[in-house]
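First the structure, in the form of structure tokens, and then the observations on it.
No lab work stands behind these numbers, since they all come straight from the coordinates. Source: prediction; values computed, not measured. Here Cβ is always computed from backbone atoms with ideal geometry, including for glycine, and neighbour counts include all displayed protein chains.
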Amino acid sequence: MEPQRRRLSPLWRHRDFLVFWGGQSFSQIGSRISREGLPLAAVLTLGASPMMMGWMQVISALPVIFLGLVVGVFMDRFPRKPFLIFTDVTRFAFLLIIPLAAVTGWLHMWVLFLAAAVMSALDLVFTAAYESYLPGFVGRPLLVDANTKLSITESFAEIVGPGLAGVLVQLITAPMAVLLDSFSYLVSAVSIWSIGADEPSHAGRQASIHLRRDIRDGFRTIIHSPVLLSLTAASATSAIFSGIVFTMDVLFAIRTLHLGPALFGLTVTFGGVGAILGASLTQRLIRRFGFGTLLVTSAFLDGLCGWFIPLAHGPVWMATLYLIAAQLLGDLFGVMSGILMSSLRQAVTGDAVLGRVNSTVNLLSSTLSPAGSLLGAWIATVVNLRIAMAVGVAGITVSALWLVNPWILRVTDLPREDTQST
């Protein structure tokens with residue numbers, strides 16, 4: 001019994017983490033409903049064209065462009081927990097607009113554009129606060145374990161959420177499905193509010209803000225670190241081409257492959273299965289192959305597995321199998337590389353500048369992804385959806401090349417303490 005007890009993760013006895021994890025589990029399921037529900041509302045309810053879908057992504061990026069770097073400064077100057085609670089409560093209130101507009105007959109594309117923009121800004125704040133809050137909350141030695149468990153949560157949500165979203169869209173329409181998601185944010189807010197752990201002592205003390213200098217320090221931290229620079233370049237490149245895939249996948253599945261909403265949701269569900277497998281195997285494979293080697297390998301395999309999407313063809317059942325393979329294998333390696341990239345970035349960045357580094361990375365991803373959406377919309381309009389998907393997958397595969405450098409390849413495990421401070 002004693003050896004088995006020693007193998008038990010310390011996070012299973014971490015009360016605050018378990019509360020946080022439980023709240024995020026519920027919230028992630030609801031978020032997946034909206035993630036699939038909003039595009040389906042645009043395509044099925046309002047008959048959106050590929051260009052409209054691309055513009056939805058562009059409009060959602062505008063608040064991020066203007067607020068992204070500023071958010072990071074505030075994350076490093078004030079406690080992060082209040083930001084988490086505020087964004088959850090605000091997202092709950094704002095999502096109620098979608099079903100209300102549908103019931104009153106005011107649901108138009110501009111409503112979805114507005115919803116996408118506001119939710120994108122709130123997601124930016126939550127993500128920056130969450131990624132900066134976690135290392136001080138659980139400790140850097142447990143980052144891979146914590147990110148793994150949270151990724152399993154996201155993966156489970158991907159299993160339940162998309163399939164549930166597809167069924168709900170067919171039964172009660174997409175706007176009503178979004179209504180269910182809004183309440184999940186309340187659960188998340190309550191769970192975060194109940195966390196008793198104190199934040200690092202310097203968070204909230206350095207209230208003096210000099211935006212230009214503070215933003216510049218965030219960029220300098222990334223540029224002067226070979227590891228952070230490679231991670232950021234890989235994330236930015238992948239974001240451009242992921243924007244094509246994630247924006248056009250609903251159109252490609254429904255209009256080119258002729259899948260229905262429920263069947264499309266089923267294919268995405270298999271991505272959750274693959275993601276759970278990837279998250280569950282990550283720490284074991286780190287011990288077997290080393291942190292850096294596994295990071296580079298999983299990033300390449302993520303891109304290669306994506307080729308099942310543009311290669312999908314034939315009758316509906318055959319095309320469905322191609323998409324299932326892409327989701328199952330792609331998400332297995334994609335979640336694995338995502339856990340490793342996030343954990344490494346959090347581990348090598350000092351807490352005093354962590355908010356700005358995270359916000360810079362998120363800003364680049366949030367800005368470049370809509371640019372990729374427009375590129376994909378243009379390719380789909382001028383050529384066809386299949387070629388657009390092929391370009392997207394090719395770019396995701398190539399983005400892994402940024403990770404091939406000696407600083408990352410020789411990382412065998414995460415640092416046990418801060419290696420940078422600003």
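Do me a favour and compute the ellipsoid semi-axes for segment 108-149 from its Cα gyration tensor, root of five times each eigenvalue, largest one first, whole Å.
Values: eigenvalues 213, 19, 4 Å².
After scaling each eigenvalue by five and taking roots: 33, 10, 4 Å.
Taking every alpha carbon pair in segment 248-345, what does the distance histogram look like in 10 angstrom bins from 0, in percent?
Reading the bins upward from 0: 18, 43, 25, 13, 1.
For segment 233-303, report the convex hull volume of the alpha-carbon atoms normalised per residue, in Å³, without decimals. Could you put the intermediate results ahead of the total?
Numbers: hull volume 6.4 nm³, N = 71.
Hull volume normalised by residue count: 90 Å³.
Relative contact order for segment 247-375: what is it in percent, counting Cα pairs under 8 Å that are at least 6 residues apart? Kindly include the intermediate steps, with their values, before the conclusion.
On the way: 118 pairs, mean separation 41.5, N = 129.
The value is 32 percent.
I need the Kirkwood Rh of segment 218-270: take the reciprocal of the average 1/r across all distinct C-alpha pairs and report it in angstrom.
On the way: mean 1/r = 0.0742 Å⁻¹.
The answer is 13.5 Å.
Points 7 angstrom from Cα along the Cβ direction at residue 258 and residue 384: gap in nanometres?
1.4
Can you give the Kirkwood hydrodynamic radius of segment 298-422 from its Cα pairs, in Å with one decimal? Walk me through the numbers before you get to the answer.
Details: mean 1/r = 0.0599 Å⁻¹.
When all Cα pairs of segment 298-422 are included, the Kirkwood radius is 16.7 Å.
Could you work out, for segment 289-340, what percent of all Cα-Cα pairs fall into each 5 Å distance bin, beginning at 0 Å and stopping at the bin that holds the largest distance?
Cα pair-distance distribution for segment 289-340, in percent: 5, 24, 25, 17, 12, 8, 5, 2, 0.
How much length is gained if the chain between residue 220 and residue 12 is pulled fully straight, taking 0.36 nm per residue apart and subtracting their Cα-Cα distance, in nm to one decimal? Can you show the working numbers first?
Numbers: separation 208, 0.36 × 208 = 74.88 nm, distance 3.72 nm.
That works out to 71.2 nm of additional length.
Please compute, over every Cα-Cα pair in segment 59-114, the percentage with a separation greater than 18 angstrom. Before the final figure, lay out each step's value.
Working: 796 of 1540 pairs.
That tail contains 52 percent of the Cα-Cα pairs.
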